[in-house]
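First up is the structure itself, then whatever we jot down about it.
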Amino acid sequence: MTAKDARVDIKTTKAAKATLEQAAFALGTTLSAFMLDCAMSKARKILATTDLIRLTRKESERFITTLQNPPPKANEKLKQLFKKHSIT
């Protein structure tokens, strides 16, 4: 088991806490375990959707074609995009 070495504190209303406690009790778990499980589940869903790029069939075909046949050199639009999104 991994050591728990970080803490998350939240403030809420008494009513919200009571609801969370009831839900945790209904599942036979602790409030902390219940909240962590729910938060992690939601976080994974959010990250899965934000890390995913969705393309139409036409877009994906164009993307694959471009990867297989890259342009000989960067055009001005591409150079501007690199400048705009440069980390340095």
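Residues that are of a type in the set (Val, Ile, Thr) and closer than 17 Å to residue 9 by Cα within the range 30-59 comprise just one, 30.
Filtered by the rule that a residue be among the β-branched types (Val, Ile, Thr) and either surrounded by 11 or more Cβ atoms within 10 Å (Cβ to Cβ) or modelled with pLDDT of 95 or more (or both), the range 15-55 gives 19, 29, 30.
The values are calculated or read from the model by the stated rules, or taken from the named source; none is laboratory data. Since the structure is predicted, the reported quantities are computational estimates derived from the model, not experimental observations. Backbone-built Cβ (ideal geometry, glycine too); neighbour counts: all protein chains shown.
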